[in-house]
Amino acid sequence: MIKVTFIHHSAFMVELQEHVLLFDYTQGEIPAYDRNKDLYVFASHAHGDHYSPSILQLNAKAVILGFEMEQKNDNMYCLLPHSSKTLHDIKIHTFFSTDEGVAFLIECEGRRIYHAGDLHNWHWPGDTLQEENWMKQHYEEEMRYLAPFHPHIAFVVLDPRLQMYAEEGMDTFFSMVEADIVFPMHLWGDFHFAKQYQKTHQKSNLYLYEHDGSTFLFE
């Protein structure tokens with residue numbers, strides 16, 4: 001059984017049989033979990049909506065950062081894009097982010113869990129053609145890198161602030177990557193936008209939530 005909890009914005013907890021994975025926590029109530037399980041904490045980059053220094057105070061087996069810190073504890077690891085690292089009995093792969101830091105793909109207990117961080121097709125109104133082409137090219141390159149992993153669970157950006165271009169990144173993800181379970185994130189509280197996307201595109205593997213603390217159970 002896998003338990004997924006949406007905490008806030010881009011923060012999720014994934015509880016497996018023996019491991020607990022916490023992604024991009026900044027605020028909100030951290031769900032209760034079996035403290036006999038090993039906690040691994042991930043922060044894709046240092047933006048305030050993806051990283052809080054409070055994660056360094058958690059009783060984690062390891063803290064994995066997508067950015068460098070001058071002062072590190074023994075259980076902290078800073079990973080560059082396009083690197084892989086095995087920690088104990090989990091394997092971590094990182095991806096180049098089109099914004100800051102990295103995206104993560106975690107192999108754990110026979111499952112593959114992807115968290116995008118801020119890896120996205122950031123197509124803003126007013127971007128130049130050169131900016132649009134660079135972003136599209138690099139986002140698609142990372143999706144080609146991700147696709148062979150076939151994630152069981154994927155947390156993917158769907159940001160309504162991009163207005164008329166807000167669906168492009170999620171559309172590209174669905175067209176290039178086969179994932180069993182997909183959660184939208186980075187919604188800035190606009191849960192209705194995700195509901196409209198689901199209504200328009202009819203993605204049966206896209207799971208929606210309407211408030212912080214929503215939980216989902218999967219076999």
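Count, please, the residues in the stretch 45-60 that happen to be within 22 Å of residue 89 (Cβ to Cβ) and either surrounded by 14 or more Cβ atoms within 10 Å (Cβ to Cβ) or among the aromatic types (Phe, Trp, Tyr) (or both).
Here is the first cut: in the stretch 45-60, the ones within 22 Å of residue 89 (Cβ to Cβ) are 55, 58-60.
Next, from what is left, pick out any that are either surrounded by 14 or more Cβ atoms within 10 Å (Cβ to Cβ) or among the aromatic types (Phe, Trp, Tyr) (or both): 55, 60.
Total meeting the criteria: 2.
Condition test on residue 18, is it more than 17 Å from residue 154 (Cα to Cα), in contact with a Gly (Cβ under 7 Å, 6 or more places away or on another chain) and loosely packed, with under 15 Cβ neighbours inside 10 Å? If you could, list the steps in order and put the result at the bottom.
On the way: more than 17 Å from residue 154 (Cα to Cα): yes; in contact with a Gly (Cβ under 7 Å, 6 or more places away or on another chain): no; loosely packed, with under 15 Cβ neighbours inside 10 Å: yes.
No, not satisfied.
Restricting attention to the stretch 1-31, the residues that are in a strand (DSSP E or B) and not polar (S, T, N, Q) total 16.
Would you please name the residue that is least open to solvent (accessible area, probe 1.4 Å), looking only at residues in the stretch 26-44 that are of a type in the set (Phe, Trp, Tyr) and more than 18 Å from residue 99 (Cβ to Cβ)? Even if it seems obvious, please write down each step before you answer.
Our first condition is that a residue be of a type in the set (Phe, Trp, Tyr); within the stretch 26-44, this holds for 33, 40, 42.
Checking which are more than 18 Å from residue 99 (Cβ to Cβ) leaves us with 33, 40.
Working: 33: 33, 40: 0 Å².
Only one residue tops the list, namely 40.
Checked against (1) open to solvent by less than 10 Å² (accessible area, probe 1.4 Å); (2) free of Cβ contacts under 8 Å to residues at least 40 places away in the same chain; (3) polar (S, T, N, Q), residue 84 passes all but a single condition, namely (1).
Please list, ordered by residue number, the strands (runs of 3 or more DSSP E) wholly in the stretch 151-219 having 3 or more residues that are touching a residue at least 12 places away in the same chain (Cβ under 8 Å), open to solvent by less than 60 Å² (accessible area, probe 1.4 Å) and in contact with a strand residue (DSSP E or B) (Cβ under 6 Å, 6 or more places away or on another chain). Spell out how you get there, then give the answer.
Values: elements: 153-157, 181-185, 215-218.
It comes to 153-157, 181-185.
Residue 146 - would you say it is hydrophobic (A, V, I, L, M, F, W, C), touching a helix residue (DSSP H, G or I) at 6+ places or on another chain (Cβ under 7 Å) and open to solvent by less than 10 Å² (accessible area, probe 1.4 Å)? When the stated conditions are applied, residue 146 does not pass them.
The residues listed here are 64, 113, 90; of these, the one that is surrounded by 15 or more Cβ atoms within 10 Å (Cβ to Cβ) and either out of contact with any Phe, Trp or Tyr (no Cβ under 7 Å at 6 or more places or on another chain) or at pLDDT below 95 (or both) is 113.
Of the listed requirements (1) surrounded by 15 or more Cβ atoms within 10 Å (Cβ to Cβ); (2) within 26 Å of residue 51 (Cβ to Cβ); (3) basic (Lys, Arg), residue 136 misses just one: (2).
The values are calculated or read from the model by the stated rules, or taken from the named source; none is laboratory data. Note that this is a predicted model, so its numbers are computed, not measured. No Cβ is skipped: glycine too gets one built from the backbone with ideal geometry, and neighbour counts run over all protein chains shown. Surface accessibility is based on the protein's heavy atoms, side chains included, excluding ligands, DNA and RNA. Shrake-Rupley method; radii C 1.70, N 1.55, O 1.52, S 1.80 Å.
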